[in-house]
Amino acid sequence: MAGSMEIPAKGGFNFDLCRRNAMLEKNGLKMPGFRKTGTTIVGLVFRDGVVLGADTRATEGPIVADKNCEKIHFMAPNIYCCGAGTAADTEAVTDMVSSQLQLHRYATSRESRVVTALTLLKTHLFNYQGHVSAALVLGGVDVTGPHLHTVYPHGSTDTLPFATMGSGSLAAMSVFESRYKEGLTRGEGIQLVADAICAGIFNDLGSGSNVDVCVITKGKTEYLRTHQEPNPRTYASSKGFSFAKGHTEVLSTKIRQLKLKPEVTEGDAMEEE
Amino acid sequence: MDGSHANAAAAAAGGGEGTQRTLNPYVTGNSVIAMKYKDGVIMACDTGASYGSTLRYKSVERIKAVGKHSLIGASGEFSDFQEILRYLDELTLSDHMWDDGNSLGPKEIHAYLTRVMYNRRNKFDPLWNSLVLGGVKKGPKGDEKYLGMVNMIGTHFEENHIATGFGNHMAVPILRGEWREDLTFEEAVKLIEKCLLVLLYRDRSSINKFQIAKITTEGSTIYPPYALKTNWGFAAFENPSQGAVGTW
């Protein structure tokens, strides 16, 4: 009793289960798959700020797991982040950095800066050497102006005037490369973002459903959930079907009384009260 | 016993001693973009051919006229394209020798190429190309424009606009959004230049030297190569790590 003491964890990675996992896989265990977002996410800088856009389809291999998921994540009131890759990873990493930013705001009494979010994200992703499969488009407006960055799963970042990520990034990038110019107005920026996402939705199988847009300017953020619905779900008429008389041809008629009326052969019929 | 079985199997797999199979492409051409427009078909590509990751040849013509009514453009292994041109020469020559007043139209040439590509694929010896075949020929309903493509496994289809290689991912979304039936030649050139510019920016093996070709009832014209103007003057490119240290 006296001799056995729990050695406290040294911190860092704990690889205890790796041998056991390898043994299970060798014995035929099929590891569970990841739900990926198979996505088109875009961002661009316009005259007064940034516009972010995303589609809303989450795939699990060939199946659409979620028809209308939210890929534009909240980081700070003035910073939003689109995520592509493994859904759990994008969700967890953006949540984590969002909480860290809030604590930082309480500690400094200042509005969060986009580079802060960027540095927190890239250090976390680099530490996990690409195993956290999150490809992000981070955009926001702070005291130093509008910023747009892309963050890759291994932790590298780019600072760009326009950016696309995800499986539909090529289709969306073709729209941006041919039509982007500096100094776009708000309306032009939203239109270009929506067109780029639509290019991804219609030309990439991993993207689909609706277009979400987020417009961030100095002092104001507008999250336009379902800004466009280019694939509406059509239902049958709400009035139901109408089967007027004469729709169906009557071949023969046989009427049978369900409630049998007894025939009184002797005596009086019962008195009805 | 086992040794001879293994040898027999290896010989069967390797196809015997003398035969060669195309296992990898070596000198490859880039995307080809083509579309129908008001007067016929327009086709464009760059004039580069890469040897792996080296840009080996910079003045290569990957669009050629076939007969009187068609244009063929190819991406993929360049030597296989040269072989296909020889097959087409034989085809058009024997067609000409019939001297019957009829000449092979684009639809017929496309069908011929489809058979050639598919049969080579079935012998596990493909011609490593994606071919684009376009042309105009007088038919029962007047001048009929035709545009189709065949790839190395024999998949073939006909469309109003075609792009091969990387163009499938980057040019097709633009064409699907902006192509119209009644484009004039100038509008078609502008649209195709839009696609070529996007590919120049985003395809690593693309070069800034393009050739456009068109085919109408008058015949085919392959224009001399020229370069497109690129724009790199974005403010964010000037000093990207100014606001964010450690970023590119």
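The values are calculated or read from the model by the stated rules, or taken from the named source; none is laboratory data. Not measured: the values here are computed from a predicted model. Neighbour counts run over all protein chains shown; Cβ positions are idealised from the backbone, glycine included. Surface areas here come from the heavy atoms of the whole protein model, side chains and all, with no ligands, DNA or RNA. Shrake-Rupley method; radii C 1.70, N 1.55, O 1.52, S 1.80 Å.
Descriptive notes on the structure:
- Top-ranked residue of region B:199-248 - restricted to ones that are assigned to a helix (DSSP H, G or I) and without any contact (Cβ under 8 Å) to a residue 60 or more places away in the chain, ranked as farthest from the other protein chains (Cβ to nearest Cβ): B:Glu238
- Cross-chain or 6+ apart pairs with Cβ under 8 Å, region B:101-121 first and part of a helix (DSSP H, G or I), then open to solvent by 70 Å² or more (accessible area, probe 1.4 Å) and acidic (Asp, Glu): B:His110/B:Glu158
- Residue in region A:197-214 that is within 12 Å of chain B (Cβ to nearest Cβ), in contact with a strand residue (DSSP E or B) (Cβ under 6 Å, 6 or more places away or on another chain) and either modelled with pLDDT of 95 or more or over 23 Å from B:Gly177 (Cα atoms) (or both) present: yes
Each row is one residue, and each column tells you yes or no for (1) modelled with pLDDT of 95 or more; (2) not acidic (Asp, Glu).
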| residue | (1), (2) |
| --- | --- |
| B:Gly105 | no, yes |
| B:Tyr112 | yes, yes |
| B:Arg121 | no, yes |
| B:Ser130 | yes, yes |
| B:Glu144 | no, no |
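- Tally, over region A:231-273, of residues that are under 30 Å from A:Phe202 (Cα atoms) and open to solvent by 100 Å² or more (accessible area, probe 1.4 Å): 4
- Qualifying positions in region A:114-158 - open to solvent by less than 40 Å² (accessible area, probe 1.4 Å) and part of a loop (DSSP other than H, G, I, E, B): A:Gly130, A:Val132, A:Ser133, A:Pro153, A:Gly155
- Taking the criterion of being open to solvent by 20 Å² or more (accessible area, probe 1.4 Å) and either outside any helix (DSSP H, G or I) or polar (S, T, N, Q) (or both), the residues of region A:99-113 that qualify are A:Ser99, A:Gln100, A:Gln102, A:Thr108, A:Ser109, A:Arg110, A:Glu111, A:Arg113.
- Across region B:162-193, the number of residues qualifying as open to solvent by 50 Å² or more (accessible area, probe 1.4 Å) and farther than 19 Å from B:Thr47 by Cβ comes to 11.
- Matching entry among A:Leu205, A:Leu184, A:Leu224, A:Leu170 (being touching a Phe, Trp or Tyr at 6+ places or on another chain (Cβ under 7 Å), of a type in the set (A, V, I, L, M) and either over 14 Å from A:Val42 (Cα atoms) or open to solvent by 20 Å² or more (accessible area, probe 1.4 Å) (or both)): A:Leu184
- Of all residues in region A:128-141, exactly one satisfies the criterion of being within 22 Å of the chain's Cα centre (by Cα) and among the polar types (S, T, N, Q), namely A:Ser133.
- Unique residue being in contact with a Ser or Thr (Cβ under 6 Å, 6 or more places away or on another chain), farther than 29 Å from B:Leu197 by Cβ and more than 8 Å from chain B (Cβ to nearest Cβ) when the list is A:Ala134, A:Ala117: A:Ala134
- Counting only strands (runs of 3 or more DSSP E) that sit completely within region B:15-89, those holding 2 or more residues that are farther than 16 Å from B:Asp203 by Cβ and in contact with a helix residue (DSSP H, G or I) (Cβ under 7 Å, 6 or more places away or on another chain) correspond to B:32-37, B:63-66, B:70-77.
- Test: residue in region B:148-157 that is in contact (Cβ under 8 Å) with a residue 12 or more places away in the chain and within 14 Å of another protein chain (Cβ to nearest Cβ): no
- Extreme residue, modelled with the lowest pLDDT, among residues of region A:9-53 that are open to solvent by 70 Å² or more (accessible area, probe 1.4 Å) and more than 26 Å from A:Val132 (Cα to Cα): A:Asn27
- The listed residue being modelled with pLDDT of 95 or more, of a type in the set (S, T, N, Q), over 21 Å from the mean Cα position of the chain (by Cα) and over 17 Å from A:Thr39 (Cα atoms), out of A:Thr144, A:Thr108: A:Thr108
- A:Thr86 being within 11 Å of chain B (Cβ to nearest Cβ) and among the β-branched types (Val, Ile, Thr): no
- Residues in region B:222-238 that are among the hydroxyl-bearing types (Ser, Thr, Tyr) and at pLDDT 95 or above: B:Tyr223, B:Tyr226.
- For region B:94-108, the criterion of being in contact with a His (Cβ under 9 Å, 6 or more places away or on another chain), buried (at least 21 other Cβ atoms within 10 Å of the Cβ) and within 24 Å of B:Asp143 (Cα to Cα) is met by at least one residue.
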